[in-house]
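Read-outs throughout are calculated quantities, based only on the coordinates presented, and are distinct from any laboratory measurement. Computed from a prediction, not measured in an experiment: that's the story for all the values here. Positions of Cβ are generated from backbone atoms using ideal geometry, with glycine treated the same way; all protein chains shown enter the neighbour counts.
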Amino acid sequence: MNIDSVSINQFDLFLFDLDGTLVNTEELHYQAYRNAFESFCLEIPHSSFTFNEYCRYAHFDDVSMKEFVGKQTVLPYEKIYSKKKEEFLRLLDGNLQFIEGAEALLKYLIQKNIKTAIVTHSDSDILGKILSKIPLLTNITYMITRNDYTNRKPNPECYIKALNHFQDCKNPIGFEDSYKGYISLVRSNVTSVFIGEESYYFFNKIKPQNHFRNFNTIKWESIKSTIENYTNFVDVCLDRYMKSIQLCREKFTIIIKHIISLIKNYQGNIYLTGIGKNALICRKSVSTWQCLGISCHFLNIPDLFHGEFGILKEDDIIIYISNSGNTDELLKC
C-alpha cells in the first residue's frame with residue numbers, strides 16, 4: 001500500500017465499517033444465510049439469491065431481508081436469523097482476512113496515534129469473534145456495535161455517536177462498502193469513501209464521490225474532503241452575497257440620485273408609504289428626513305379609506321416603497 005502521509009494526515013479521525021470494509025466477511029454472511037435456508041429445507045434457487053441479490057436486501061435497510069425471507073417461508077425471521085448467526089460464527093473459524101490494504105493502513109494509523117473507530121452493524125458477539133481471529137483490530141481506539149445504538153444504518157445515529165466521542169476531531173473520514181452504510185456516513189457530514197466494485201448492486205444509486213476498489217488503490221490526494229466541499233460552498237455563498245451587495249449598491253445609487261434631485265429643492269409635502277415591513281422602513285426614513293429639514297410624512301394606506309385622502313394636495317409627492325416592486329400591492333390594499 002502506498003502511504004501518502006501528507007494526504008492521510010489531513011484527517012484526524014478514521015471511521016471504519018467492519019464487514020466487507022476492513023475484513024472479508026460479507027461473502028460469509030451470504031453463505032451463512034444459504035446454510036440457514038438449507039438447514040430448514042428451504043429450496044431457494046441460486047439464481048434467486050445470488051450474492052448480488054443478498055446485497056440488494058441486506059444492504060438496503062433493516063427490513064428488506066426480513067421481507068425476502070418472509071416470502072420464502074412461514075417460519076419467523078428471528079428463527080432463520082438465529083441459525084444464520086450460528087452458521088456465520090462457525091464460518092469465521094475459516095480463512096478470515098483483511099480487505100486488501102486495510103492491514104497496512106491500520107498499522108500506519110496505530111503507529112502515528114491517529115484516532116480510529118469501528119462502527120459496525122454486527123453485534124458484540126460477532127465483533128468479539130472477529131477480534132479474536134485478527135488481534136490487530138483490538139488496537140482500534142473506539143468500537144461501536146449494533147448493541148450500542150437504537151436506529152440502524154442508514155440512520156446516521158451510530159456515526160454521530162462516534163463523532164460525539166471524538167469531539168476534538170475536526171476532519172473525520174469514513175469507509176463503507178454497503179449502500180446503507182455509505183448513506184449513514186454521508187448523513188453524518190463525514191468525508192465518505194466507498195470501498196468496493198462498480199458491479200455492486202447499489203453502486204449507481206450511491207454514485208460515490210470517493211470510490212476505490214480496496215485500500216491499496218486509494219489515491220489519498222484525490223479524495224474530496226467534506227471540509228473542502230464546505231469551504232467551496234461558503235466561498236460560493238459569499239461570492240453571491242458580495243455580488244448581490246454590489247448590485248444593490250448600483251441600484252441604490254441610481255434611485256438615490258433621482259430622489260435627491262426630486263426632493264432637494266421641493267417646497268411641497270412628500271409622503272412615504274408601504275405595506276408591512278416596508279411601512280416600518282418608511283416611518284424610520286420619515287424620521288430621518290424630517291431631521292434634515294425635509295417636509296416629509298408617513299402615509300398609512302388603510303387610513304386613506306377613512307378620510308385621509310383629503311390631506312393630499314395636487315402637487316404632493318407620494319413615494320411608495322415595495323420589496324417586490326409590485327405596485328399591485330398598493331392597488332389591492
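Quick notes on this structure:
- Region 142-188 and region 1-73 have Cα centres separated by 17 Å.
- The magnitude of the dipole of the chain, with charges of +1 and -1 set on the Cβ of Lys/Arg and Asp/Glu and taken from the Cα centre, is near 600 debye.
- Restricting the chymotrypsin sites (Phe, Trp or Tyr not before Pro) of region 39-133 to loop positions (DSSP other than H, G, I, E, B) with no more than 16 neighbouring Cβ atoms within 10 Å leaves PHE40.
- Inter-part distance where region 76-133 and region 237-292 are each reduced to a Cα centre, Å: 67
- Across the chain, the relative contact order, built from alpha-carbon pairs under 8 Å that are at least six residues apart, equals 17 percent.
- Restricting region 44-149 to trypsin sites (Lys or Arg not before Pro) in coil, as DSSP defines it, with at most 13 other Cβ within 10 Å: LYS112
- Working note: Karplus 6.51/-1.76/1.60 with θ = phi - 60° gives region 43-59 the couplings 8, 10, x, 4, 5, 8, 9, 6, 4, 5, 5, 4, 4, 4, 8, 6, 9 Hz, where Gly and Pro are set to x.
- Helix-derived mean residue ellipticity, 222 nm - over the chain, DSSP H n ≥ 4, -39500 (n - 2.57), to 500: -14000 deg cm²/dmol
- Electrostatic bookkeeping for PHE298 treats Lys and Arg as +1 and Asp and Glu as -1; over the other residues with beta carbon under 15 Å from its beta carbon, the sum is 0.
- With contacts taken as Cα pairs under 8 Å at a separation of at least 6 residues, region 1-128 carries a relative contact order of 49 percent.
- Considering only ILE140, ILE114, ILE294, the mean-square fluctuation computed in a Gaussian network model of the chain, springs between alpha carbons under 10 angstrom, is largest for ILE294.
- DSSP assigns beta bridges within the chain; of those with both partners inside it, close to 5 percent run antiparallel.
- Proximal charge balance of GLN246 [Cβ under 15 Å; K/R count +1, D/E count -1]: +2
- From the C-alpha gyration tensor of the chain, square roots of 5λ in Å: 67, 26, 16
- For region 183-282, lysine pairs with C-alpha atoms less than 24 angstrom apart, excluding pairs fewer than eight positions apart on the same chain, total 9.
- Sorted by Cβ density within 10 Å, fewest first, the residues SER188, SER132: SER132, SER188
- For region 3-57, the set of GluC sites (Glu not before Pro) satisfying both a DSSP loop assignment and a count of at most 12 other C-beta atoms within 10 Å is given as GLU43.
- Rg to Rh quotient for region 1-96, alpha carbon positions, Kirkwood Rh: 1.11
- Each of MET143, MET242 has some number of other Cβ atoms within 10 Å of its Cβ, and from fewest to most they run MET242, MET143.
- Largest first and in whole Å, the equivalent-ellipsoid semi-axes of region 266-333 read 19, 16, 10, each the square root of five times a Cα gyration tensor eigenvalue.
- The Cα atoms of region 63-196 define a convex hull whose projected area, averaged across directions, is 9.0 nm².
- Positive contributions from Lys and Arg (+1) and negative ones from Asp and Glu (-1), summed over other residues with Cβ under 15 Å from the Cβ of LYS71, come out at -1.
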